[in-house]
1. Give me the extension gain from Tyr48 to Glu81: residue separation times 0.36 nm, minus the current Cα-Cα distance, reported in nm with one decimal.
2. Tally Lys and Arg at +1 and Asp and Glu at -1 over the other residues with C-beta under 14 Å from the C-beta of Pro11: what net charge comes out?
3. So for the pair Leu111, Thr3, with labels modelled 7 Å out along Cα→Cβ, what separation do we get in nm?
4. Over the alpha-carbon set of region 4-122, work out the extent along each principal axis and list the three values in angstrom, largest first.
5. Once label points are set 7 Å from the Cα along Cα→Cβ at both Asp15 and Gln104, what is their separation, rounded to one decimal in nm?
Amino acid sequence: MTTLLWHGVRPSDSDEIVLMTSNQAEGWANLPLYLDEVNYAAEFNWGYGGAGSEQLAYSILRSFYEICQGLPTRIAAIYAEKHHYSFMIEIVAEWHDTWGLTSQQVSEWVLSKNLAEMYQDHIVTSGCPVSKN
């Protein structure tokens, strides 16, 4: 089972840094912006409801749906686009300078919104299960 972790930090002397790792990886990597899919902003941000926060919300959900839920790339992009705004308002806009997020927390958010039923037919593998059990 794949578990994802995301971590963001806003150093005082440089741009925001957002990293992602999994229990299958040997280290941390930069979270992709997915600018070829959506382009709200050319960089991530958080702690407010703007374009950088919107890009971050999309990228987190996009990686979650594809890596954890096993959705095909195109379907993961569609669902990330569909749900990112609520995720930004409810989660990303509330963060402070340093934050961390687990795929379990994203699963709980998806479940709380009854979104899992919407894409159950598209799940290929069950990496980070979203279940009511």
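Read-outs: derived from the displayed coordinates by stated rules, not from any lab. What you see is a predicted model; the values in this text were computed from it and never measured. In this analysis, Cβ positions are derived from the backbone assuming ideal geometry, glycine residues included, and neighbour counts consider all displayed protein chains.
1. Working: separation 33, 0.36 × 33 = 11.88 nm, distance 1.86 nm.
Value of the extension gain: 10.0 nm.
2. Numbers: positive: Arg10; negative: Asp13, Asp15, Glu16, Glu43, Asp97.
It works out to a net charge of -4.
3. It is 1.5 nm.
4. Dimensions of region 4-122 along the principal axes of its Cα atoms: 46, 33, 28 Å.
5. Between Asp15 and Gln104, the simple spin-label model gives 3.3 nm.
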